[in-house]
Structure formats: structure tokens, C-alpha cells
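The values are calculated or read from the model by the stated rules, or taken from the named source; none is laboratory data. Everything numeric in this text was worked out from a predicted model, so none of it was measured. Cβ sites come from the backbone with ideal geometry, for glycine too, and all protein chains shown count toward neighbours. Surface areas here come from the heavy atoms of the whole protein model, side chains and all, with no ligands, DNA or RNA. Shrake-Rupley method; radii C 1.70, N 1.55, O 1.52, S 1.80 Å.
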Amino acid sequence: MNPIKILLTGATGMVGEGVLMECLENPNVSEILSISRKPSGKTHPKLKEYLVSDFLSIDLHDEKLKGYDACFFCAGISSVGMKEEEYTKITYDTTLHFAKAVLNQNPEMVFNYVSGASTDSTESGKLMWARVKGRTENDLKRMGFRGAYNFRPGFMKPVEGQTNVKWFFKPFIWIFPIFFQSKSLTLHEVGRAMINVTQKGYPTSTLEIRDIKNLAL
């Protein structure tokens, strides 16, 4: 099976940095283009970076995005303190615009989207963030990618050596996986699952914790 070339967003956040570090180590990945607003701070023969101030300003026919097998969309933001309109612009509008741009350049691409546990696929529940994430998931699946997989991880343990880990998260890193193993993943597992689903596919497009663990084997 040939190694894959991937586009990755969110490398300056915890999830994206962890997935990036797995991809840099993994022999099944040959090239990574990190698209971000600021540099990742990492250097590696596999890694290239494309700095973009605003994802909504990306040209839908940007040829810098051409020639890739998959997109690992790990960018995201907490909904805490945000109004639905603002959260929708960042979570839904930005993701869908970026997805259109990469699909235009790579019609056989697999798109892996980091969503969240308890996302609302009906788009009609009480939790604002869950509705917006659900709408995002649903519309990504309708876009025509070769595969569109929505990752719904729970607690994710960072990769050793990560720098983008919030201070308030650190006390839970070792405790949570011990007491809540069924609700915990490592970012190595998330990254491996993204690589494996790109190469091998999976029976369902909505990937809960147990599916991600299976794919990471």
C-alpha cells in the first residue's frame, strides 16, 4: 500500500499537533502540508507549511492544495462564551469553505473531520455546539468526497513532547485514562485511525471512540 500525502489543519492546537506528530513518525505518510494561521514550530523532511490568515479567504481553486490523498481537519474552537452565529461562522462556514477548496483540487480525496462526542446529527437538540457540529458533519458527507469520516473522540491524551497543551488540561492527562478508559483515546490513536481509514475505509462514516480504537490497531 502506497504512503499517502495529507493536508492537515490545526497544527498549532492540541489535537492537530498530536495528529501531526503521529503523521511525521508514521511510515504510511509520505508528505504533509500544514495549513494554519501561524507556523507550527516544527521542522521535518515530510512537512511543508502554508500560512493563511483567514480560511474563508482561501481561493476555491487554490492549486497549492492540489495533489493530496486526504485532509485531516483538526482545527476547532470551544463554544464557551460564544453566540451561535459566531460559532457557526468558525465551525461550519470555515470548514465547508475549506472542504470545497480541497475537493475542487482533489476529487478522490478522503476528508477526516474532528467533531466531538455527543454531536447532534439531527441538528435540532438543545446544545448549540452539538447542533452546529451535527450540521457540519452532515453537509461534509453530502459533498462528494471519496470518503468523509466524522471523528467523535472523547478525552484525548497528548503525544509526548507536545507544546500546545493548555495548563488546565494537564492535571487530567494521566488520571482520566485510568478511571475512564472507555472514554479515552491517545492522539497517536486518532492519527493512526485517520491514516488507516484513508487507506482502507470503514463501514460507517461516524466514528465513535470504539471505532477510532479499532481503526488505530
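Test of understanding: among 130, 148, 193, which residue is modelled with pLDDT of 95 or more, more than 15 Å from the chain's Cα centre (by Cα) and open to solvent by less than 40 Å² (accessible area, probe 1.4 Å)? If you could, list the steps in order and put the result at the bottom.
Working: 148 fails: more than 15 Å from the chain's Cα centre (by Cα); 193 fails: more than 15 Å from the chain's Cα centre (by Cα).
From the options 130, 148, 193, the qualifying one is 130.
Scanning region 87-140 for residues that are under 16 Å from residue 153 (Cβ atoms) and among the aliphatic types (A, V, I, L, M) gives 114, 117, 130.
Considering region 1-107, the qualifying helices (runs of 4 or more DSSP H), each wholly inside and each with 2 or more residues that are without any contact (Cβ under 8 Å) to a residue 40 or more places away in the chain and more than 21 Å from residue 190 (Cα to Cα), run over 84-88.
Within region 1-55, the set of residues being of a type in the set (Asp, Glu) and in contact with a helix residue (DSSP H, G or I) (Cβ under 7 Å, 6 or more places away or on another chain) comprises 22 only.
Residue selection: residue 64 fails the criterion of being open to solvent by 60 Å² or more (accessible area, probe 1.4 Å), closer than 20 Å to residue 101 by Cα and in contact with an Asp or Glu (Cβ under 9 Å, 6 or more places away or on another chain).
Report, by residue number, each residue of region 84-111 that is of a type in the set (Val, Ile, Thr) and either within 14 Å of residue 131 (Cα to Cα) or open to solvent by 60 Å² or more (accessible area, probe 1.4 Å) (or both).
88, 90, 91 - these are the residues of region 84-111 that are of a type in the set (Val, Ile, Thr) and either within 14 Å of residue 131 (Cα to Cα) or open to solvent by 60 Å² or more (accessible area, probe 1.4 Å) (or both).
Residues in region 23-52 that are under 21 Å from residue 1 (Cβ atoms) and of a type in the set (Asp, Glu) were compared, and the one that is least open to solvent (accessible area, probe 1.4 Å) is 31.
Within region 11-36, the residues that satisfy the criterion of being of a type in the set (Gly, Ala, Ser) and in contact with an Asp or Glu (Cβ under 8 Å, 6 or more places away or on another chain) are 11, 34, 36. Scanning region 13-36 for residues that are at pLDDT 95 or above, closer than 28 Å to residue 78 by Cα and not small (Gly, Ala, Ser) yields 17, 19, 20, 21, 22, 23, 24, 32, 33, 35.
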